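To keep things clear, I will list the structure first and then write my remarks on it.
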Amino acid sequence: MAKKRIHYFWNPETLSFERIYTSFRDRLFFGLRHLLVAGMGGLVVLALINLFFDSPRVKSLKEENDRLQTQYELLSRRVEHAYEILDDIQERDNNFYRALLHAEPISSSIRKGSFAGTERYDSLKDLSSARLVIGASQQVDMLRKQLYVQSQSFDELVGILKENESFQKCVPAIQPLKNKDLKQTASGFGVRLDPIYGTPRFHSGMDFTAKRGTEVYATGDGVVVQAARDGGYGNCIIVNHGFGYQTMYAHLDSYNVKNGAKVTRGQVIGFVGDTGKATGVHLHYEVHYNGKTVNPANYYYMDLTPEEYDIMVEMAANSGHVYD
Ligand SMILES: [Zn+2]
């Protein structure tokens, strides 16, 4: 205290002002009382301000919190919309794309999966909007999981498609020589009369009559696994097409491919002749599937219209003349 106040009192007995000497204790007490009253007054004012007015920092935090909440709600709605789109894709995947490519549909238990382990959200539990934040996080995590399954499904389908494309190129699918008017069809697959002994015998391929030297085509992409003289078959080529398919071209006058050569559908591989056991110039053509001969008539679908196919089957069935 820079200025010391001096107090006096009127003494009627001495008829004079006399100085009052206050003790240090009294002065301390007065000082503390003042301080206390002032401090309490200040606190009351502060409390009132806080009650009715936020501090700028609290105010801005509250605003931020409100905005975050709104944003989360918006996000949640957007994720729901994304789910609707994904549902549609999953539905099409199972019932259209996978069905088309003969792939098993993916069950909903695999697609949606079990969502184990919510403990990953434990750190969010103490947030004021915990329900909103955890809910949105869960939604996004599940969406991510389902998208992963969906993308795997598409990868699988691309694989099947590639395999299919290769299959389409390789499978025998045209006639082994030009036979547009079908007049070259001589004899079909099945039991026929033996040309030499006149007895019923199983004819394991299809015969086409044609002039000597007529071009013979590979009926699908593949690899030549035989190009040689082969007993009764004469000059004979066998092409391996993969996927269990082989084709055989027999009684050739000559051929222009070597063992191991890669051939493509429609490529000239030899020329019609009558080498081996044959009663006339013709091509004997066989299709083998998994080591067994099958009816070649079923493997011309890239060459013939359904009507032509019917005519050919009829001709091949009715014609008794086998050239072997
Ligand atoms: Zn034959």
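Since every read-out is calculated from the coordinates, none of them should be taken as a lab result. Quick caveat, the model's predicted, so the values are computed rather than measured. Positions of Cβ are backbone-derived with ideal geometry, glycine not excepted, and every protein chain shown enters the neighbour counts.
Would you calculate the volume per residue, in Å³, of the smallest convex hull containing every Cα atom of the range 7-52? Mind showing how you got there, number by number?
Working: hull volume 3.7 nm³, N = 46.
Residue-normalised Cα hull volume stands at 80 Å³.
Using a 10 Å cut-off around each Cβ, can you sort THR14, THR219 from fewest to most neighbouring Cβ atoms? Walk me through the numbers on the way to the answer.
Working: THR14 8, THR219 31.
The fewest-first ordering by Cβ neighbours comes to THR14, THR219.
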Report the chymotrypsin sites (Phe, Trp or Tyr not before Pro) located in the range 135-241 that are in a DSSP loop and have at most 16 other Cβ atoms inside 10 Å of their Cβ, or state none.
-> TYR197
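Students often get this wrong, so check it: of LYS211/LYS258; LYS178/LYS258; LYS180/LYS292; LYS162/LYS211; LYS183/LYS292; LYS183/LYS262, which have C-alpha atoms separated by over 32 Å? Walk me through the intermediate numbers first.
Details: LYS211/LYS258 23 Å; LYS178/LYS258 23 Å; LYS180/LYS292 28 Å; LYS162/LYS211 39 Å; LYS183/LYS292 27 Å; LYS183/LYS262 30 Å.
Table pairs above 32 Å Cα-Cα are LYS162/LYS211.
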The FRET efficiency for PHE202 and GLU91, from their Cβ-Cβ distance with R0 = 51 Å and rounded to 0.05, is 0.55
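Net charge near GLU314, counting Lys/Arg +1 and Asp/Glu -1 over other residues with Cβ under 14 Å of its Cβ?
Numbers: positive: LYS183; negative: GLU307, GLU308, ASP310.
Result for the neighbourhood of GLU314: -2.
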What angle, in degrees between 0 and 90 and rounded to the nearest 10, separates the Cα long axis of helix 24-52 from the longest principal axis of the Cα atoms of the chain?
-> 40 degrees
Would you mind listing how long the range 248-298 runs along its three principal axes, going by Cα atoms, in whole Å with the largest first?
-> 28, 25, 17
Angle in degrees between helix 306-318 and the longest Cα principal axis of the chain, rounded to the nearest 10 | 40 degrees
Partner lysines whose C-alpha sits under 17 Å from that of LYS145, ignoring same-chain residues fewer than 8 away, are LYS112
Quick one: what are the phi-derived ³J(HN,Hα) couplings along the range 95-106, Karplus 6.51/-1.76/1.60 with θ = phi - 60°, whole Hz, x for glycine and proline?
-> 8, 10, 4, 5, 4, 4, 9, 6, 9, 4, x, 8
Which value, in Å³ per residue, describes the convex hull spanned by the Cα atoms of the chain?
-> 260 Å³
About its Cα centre, how strong a charge dipole does the chain have in debye, to the nearest 20, once Lys and Arg get +1 and Asp and Glu get -1 at the Cβ?
-> 2060 debye
GNM flexibility winner over the chain from GLY222, GLY31, GLY242 (Cα, springs under 10 Å) | GLY31
With only helices counted (DSSP H, runs n ≥ 4, each -39500 (n - 2.57)), the per-residue ellipticity at 222 nm for the chain, to the nearest 500, works out to -13500 deg cm²/dmol
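Using the 2.2 N^0.38 Å rule of thumb for compact globular proteins, work out how the range 164-318 stacks up: its C-alpha Rg over that value, please.
Values: Rg = 14.3 Å, N = 155, 2.2 N^0.38 = 15.0 Å.
With N residues counted in the range 164-318, Rg over 2.2 N^0.38 Å equals 0.96.
Determine by what factor the alpha-carbon radius of gyration of the range 101-222 differs from 2.2 N^0.38 Å, reporting the quotient.
Values: Rg = 31.1 Å, N = 122, 2.2 N^0.38 = 13.7 Å.
After normalising by residue count via 2.2 N^0.38 Å, the value is 2.27.
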What the Cα atoms of the range 31-149 span along the principal axes, largest first and in whole Å, is 96, 25, 14
With a point put 7 Å past each Cα toward its Cβ, work out how far GLN138 is from PHE30 in nm, to one decimal.
-> 7.0 nm
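Once you have the alpha carbon radius of gyration of the range 223-265, what is it after dividing by 2.2 N^0.38 Å, with N set to its residue count? Walk me through the intermediate numbers first.
Details: Rg = 9.9 Å, N = 43, 2.2 N^0.38 = 9.2 Å.
Normalised Rg, Cα atoms only: 1.08.
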Measuring from the longest principal axis of the C-alpha atoms of the chain, the long axis of helix 130-170 (C-alpha) lies at a number of degrees, nearest 10, equal to 10 degrees
At 0.36 nm per residue, minus the direct Cα-Cα distance, what do GLN226 and SER23 gain on full extension? Give it in nm, one decimal, please.
-> 60.0 nm
